[in-house]
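Asks: What follows is a structure written as structure tokens; I'll ask about it next.
What follows is calculated from the coordinates using simple rules that are stated; it is not laboratory data. This one's a predicted model, so the numbers in the text were calculated from it and none came from an experiment. Positions of Cβ are backbone-derived with ideal geometry, glycine not excepted, and every protein chain shown enters the neighbour counts.
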Amino acid sequence: MAAEPTDMVKMKLTFWHGKKEPGDVIEVRREDVRSWHGFAVPVTEDKPPVKAPTINETKPADTTSAKTKA
């Protein structure tokens, strides 16, 4: 019997498994997630998280002077 799509969880391998390498994403049944502990971690998002800008990455203030040379 095939598992329902909602019963499948995407996991990223942290260890070699057959021909799969660490970093590869696999799908496992929800009830089998515990047996993959130490070999894979759940994938939370498909997209990488958006990095918030830091103080150093913001646009610097304009430091040019408005004075004219005489």
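Asks: For the pair residue 7/residue 26, report the inter-label distance in nm, with labels modelled 7 Å from Cα in the Cβ direction.
Replies: About 1.9 nm, to one decimal.
Asks: Need one number: nm distance between label points at residue 15 and residue 33, each 7 Å from Cα along Cα→Cβ, rounded to one decimal.
Replies: So the label points at residue 15 and residue 33 sit 1.9 nm apart.
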